[in-house]
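Here is the structure we will look at, set down as structure tokens.
Taken together, the values in this text are just the output of simple stated rules run on the coordinates, not laboratory data. Note that the structure is predicted; figures quoted are calculated from it, not measured. Counting neighbours? That spans all protein chains shown, and the Cβs are built from the backbone with ideal geometry, glycine included.
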Amino acid sequence: MAAENKKQNVPDDMPDWSAYRGVMIFVEQRAGHAKSVSWQLLGEGRKLADKLEVDLIALVIGHDVDNLAKDAIAYGADRVYIADAPELKDYRTRPYSRVALQVIREVKPEIVLFGATATGRDLAGAIATHLPTGLTADCTILDVEPHPSRLLLASRPAFSEKMLATILCKQYRPQMATARAGVFEAAPYDPTRQGEIHSVPSLMAEEEIDAQVLQFIEATERFDLEEAEIIVAGGRGLGGPDSFQLLQELADALGGVVGASRAAVDAGWIGHAHQVGQTGYTVRPKLYLAVGISGAVQHLVGMQNSDCILAINRDPDAPIFKVANFAIVGDLFKIVPALTEAIKAKRAAQSTASAQEPIPQEVVD
């Protein structure tokens, strides 16, 4: 066996993990609605599964979530394991981790991936501790080595975000990782795809669960950079915290949210919850407006996968222009207000035209 391992470039001390096959994705949901990172991971998981020539597996836990099992197949899963019970409606660590542990031990996937969300991090950590196995957190690149090693290459920022570290789990299975939202792209939704759906039981009765969820209270000024379709982000070129009001007005006119570069956050001009980049959020909006942002590589990796990038900067040689679809060179303090007013006027004209449009006779009748 040792001679065969050396011939195949496999360490002599690597255990036999041939019983573990498949790539599993945890589909995170709240109130029956999946987090977009779940579909993004299914898209990336499909690539990994195809390289390894194995099934892509989804794990759905919740209540009244049959629709998510079907959606998981439409987004690329071959098999779905679903635990649907009233006590699983809201996320709680113990009941969710017990179901997940049972499924993982029975199915034996070689790779298990979670979104790097509050829920995903909590659940992944609990599961990895009990299996036990390794867990790589906050990944931005995922790949696999082919047979015979079949190792997950889980890469994440390291050394103050200046380098990428690729972490391997050679001695344990499954190989586990959490991955940032917005990094990967979901596969096209295909309702014609066919797959297997397996029901699994809930393993804890409500009276056995110590924690209770009494109420979810949404923040009054809630925003979600990872889910936003339009982001207006500002950087050092804004000159100070007061200038972010200009961006807020533009974001409001567009129906978007405000983001920021690390330089603006480190200066104390705006909170970390707005930060886009390696040390902040990785985003994939339909429209990203970079205002007064030079384009440091740490920022670019957090937003370069946006569908459309519009950059506004005084410096014609700013690196941000290399990734922008549209560039405006000039004074942002003149351009942003003018852009805001033009958008407001366009919206007002559309609203007036819609109000004056006659009601079709069949509706009146």
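Defining a contact as two alpha carbons under 8 Å apart and six or more residues distant in sequence, what relative contact order in percent does the chain show?
Details: 725 pairs, mean separation 48.8, N = 365.
With pairs under 8 Å counted, the relative contact order is 13 percent.
Over the range 107-207, what number does the Rg to Rh ratio reach, with both radii from the alpha-carbon atoms and Rh per Kirkwood?
Checking Rg against Rh, the ratio lands at 1.01.
To the nearest 500 deg cm²/dmol, what mean residue ellipticity at 222 nm is calculated for the chain from DSSP H runs of n ≥ 4 alone, each contributing -39,500 (n - 2.57), summed and divided by the residues?
Roughly -9500 deg cm²/dmol at 222 nm, from the helical runs in the chain.
Where a ≥ b ≥ c are the square roots of the eigenvalues of the C-alpha gyration tensor, would you call the range 297-350 rounded, which needs a/c under 1.5, or, failing that, prolate if a/b is larger than b/c, or oblate?
Values: a/c = 3.06, a/b = 1.63, b/c = 1.87.
Since a/c reaches 1.5 but b/c is at least a/b, the shape of the range 297-350 is classed as oblate.
Please state, as a whole number in µm²/s, the translational diffusion coefficient that the Stokes-Einstein equation yields for the range 257-327 at 4 °C and 1.567 mPa s, with Rh defined as the Kirkwood radius across alpha carbon pairs.
In µm²/s, the coefficient is 109.
Enter the angle in degrees (range 0 to 90, nearest 10) between the Cα long axis of helix 244-254 and the first principal axis of the Cα atoms of the chain, meaning the one along which they spread out most.
Long axis of 244-254 versus the principal axis of the chain: about 80 degrees.
Relative contact order (percent) for the range 230-356, with alpha-carbon contacts under 8 angstrom and 6 or more residues of separation? Kindly include the intermediate steps, with their values, before the conclusion.
Numbers: 243 pairs, mean separation 29.0, N = 127.
Relative contact order of the range 230-356: 23 percent.
Just to be sure I follow the definition: excluding the sites themselves, where is the longest run in the chain that has none of the chymotrypsin sites (Phe, Trp or Tyr not before Pro) in a DSSP loop with at most 12 other Cβ atoms within 10 Å? Before the final figure, lay out the partial values.
On the way: sites that count: F159, Y189, F216.
Answer - 1-158.
Rounded, prolate or oblate for the range 230-356? Axes are the square roots of the Cα gyration tensor eigenvalues, ordered a ≥ b ≥ c, and the cut-off for rounded is a/c under 1.5.
Judged from the Cα gyration tensor, the range 230-356 comes out prolate (a/c at least 1.5, a/b above b/c).
If the viscosity is 1.306 mPa s and the temperature 10 °C, what Stokes-Einstein diffusion coefficient in µm²/s follows for the chain when Rh is the Kirkwood radius over Cα pairs?
Roughly 70 µm²/s, to the nearest whole number.
Would you please classify the overall shape of the range 41-117 from the alpha carbon gyration tensor, given that a ≥ b ≥ c denote the square roots of the eigenvalues, rounded means a/c under 1.5, and beyond that prolate means a/b larger than b/c while oblate covers the rest? Intermediate results must be reported in sequence, preceding the final value.
Values: a/c = 1.99, a/b = 1.52, b/c = 1.31.
Because a/c hits 1.5 or more and a/b exceeds b/c, the range 41-117 counts as prolate.
Sort I217, I320, I335 so the one with the fewest other Cβ atoms within 10 Å of its own Cβ comes first.
With the fewest neighbours first, I217, I320, I335 line up as I217, I335, I320.
Based on the Cβ-Cβ distance from A205 to A345, what FRET efficiency comes out when R0 is 56 Å, to the nearest 0.05? Don't skip to the answer; put the middle values down first.
On the way: r = 60 Å, r/R0 = 1.07.
The pair A205/A345 has a calculated efficiency of 0.40.
Quick one: angle between helix 118-130 and the longest Cα principal axis of the chain, in degrees between 0 and 90, rounded to 10, please.
The helix 118-130 is inclined about 20 degrees to the chain.
Arrange the following residues from fewest to most other Cβ atoms within 10 Å of their Cβ: L135, L310, L41.
Numbers: L135 22, L310 17, L41 33.
Result, fewest neighbours first: L310, L135, L41.
Against the 2.2 N^0.38 Å scaling, with N counting residues, where does the range 205-273 land? I'd like the Cα-based Rg ratio to two decimal places.
1.57
Can you put E145, E249 in order of Cβ neighbours within 10 angstrom, beginning with the fewest?
E145, E249
Quick query: amide H of G134 versus all other amide H atoms, modeled in the peptide plane; which residues come in under 5 Å with a sequence gap of 5 or more or a different chain?
For G134, the qualifying residues are M176.
Please list the non-local residues whose amide H lies under 5 Å from the amide H of L153, H modeled 1.01 Å from N, same-chain partners needing a gap of 5 or more.
Result for L153 returns D143, V144, E145.
Could you work out the relative contact order of the range 18-208? I mean the mean sequence separation of Cα pairs under 8 Å and 6+ apart, divided by the number of residues, in percent.
After rounding, I find 29 percent.
With each label point set 7 Å from Cα along the Cα-Cβ vector, what nm distance links Q248 and D315?
It works out to 2.8 nm between the two label points.
Rounded to the nearest whole Å³, what is the per residue volume of the convex hull around the Cα atoms of the range 18-208?
Hull volume over Cα atoms, normalised by residue count, gives 111 Å³.
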